[in-house]
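A quick write-up on the structure given underneath.
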Amino acid sequence: MKRIKIAILTMFILLLCACYSWASWTLTVSRVARTPHYLYWKVVCTSDGSALSATDLLALSTLDPQLKYEMQGATMMIMDVIPGTGGVIPNTTIDVTWSNSLVDVYDNDAFSKDADTPGNDLSEDYNQYPPILEQLKLTLNDIGDSGDQVTLGILCWIEGE
């Protein structure tokens, strides 16, 4: 009987550990507006209670294929950082890194956890506005508890087709 109790307790502990390790950030990418030369899209980032390692947004299975088509070849110009409010407000400042398959093209930290930070120039690190080609990786610091959110709004230029 004692062995059965130990086995059940061990399986329960393993199950708890496994459930925690399967948790991951939820990234929801959507189009906000589109004109012939501009695309404004956003990604709502919901924390799992840890940092987000470099994640390719173009490879997300939930990304609308038409939006992916519009994003690829566009040039990222301006980013708005909009922290969650109420029960999903981050516990700390927000660090954002955008990268492609080779290098970081934008890296900035200490965005406010309490107030929107609109109009961030995405050319400041790369010395030009970064194009979206085959990969677009996003990295975020640990912003707080599981469920805390930040929304990143991206204004892109689309060259004439």
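The values are calculated or read from the model by the stated rules, or taken from the named source; none is laboratory data. None of the values given here were measured: they were computed from a predicted structure. Note: ideal-geometry Cβ built from the backbone for every residue, glycine included; neighbour counts use all protein chains shown.
General observations
- Subset of the range 105-161 [under 15 Å from V81 (Cα atoms) and assigned to a loop (DSSP other than H, G, I, E, B)]: S112, K113, D114, A115, D116, L122, N141, I143, D148
- The set of residues in the range 31-68 that are closer than 19 Å to Q149 by Cβ and not in a strand (DSSP E or B) comprises S47, D48, G49, S50, A51, L57, L60, T62, L63.
- Single residue of the range 36-66 satisfying the filter (surrounded by 17 or more Cβ atoms within 10 Å (Cβ to Cβ) and either free of Cβ contacts under 8 Å to residues at least 60 places away in the same chain or among the acidic types (D, E) (or both)) that is nearest to D142 (Cα to Cα): D48
- For the range 85-132, a tally of residues being touching an Asp or Glu at 6+ places or on another chain (Cβ under 9 Å) and either at positive phi or of a type in the set (F, W, Y) (or both) returns 7.
- Candidates D116, D121, filtered to the one that is among the charged types (D, E, K, R), at pLDDT 95 or above, surrounded by fewer than 17 Cβ atoms within 10 Å (Cβ to Cβ) and closer than 21 Å to R31 by Cβ: D116
- A18 being of a type in the set (G, A, S), assigned to a helix (DSSP H, G or I), modelled with pLDDT under 95 and surrounded by 10 or more Cβ atoms within 10 Å (Cβ to Cβ): no
- Considering only residues in the range 78-108 that are of a type in the set (A, V, I, L, M, F, W, C) and free of Cβ contacts under 8 Å to residues at least 24 places away in the same chain, the one that is nearest to Q135 (Cα to Cα) turns out to be L102.
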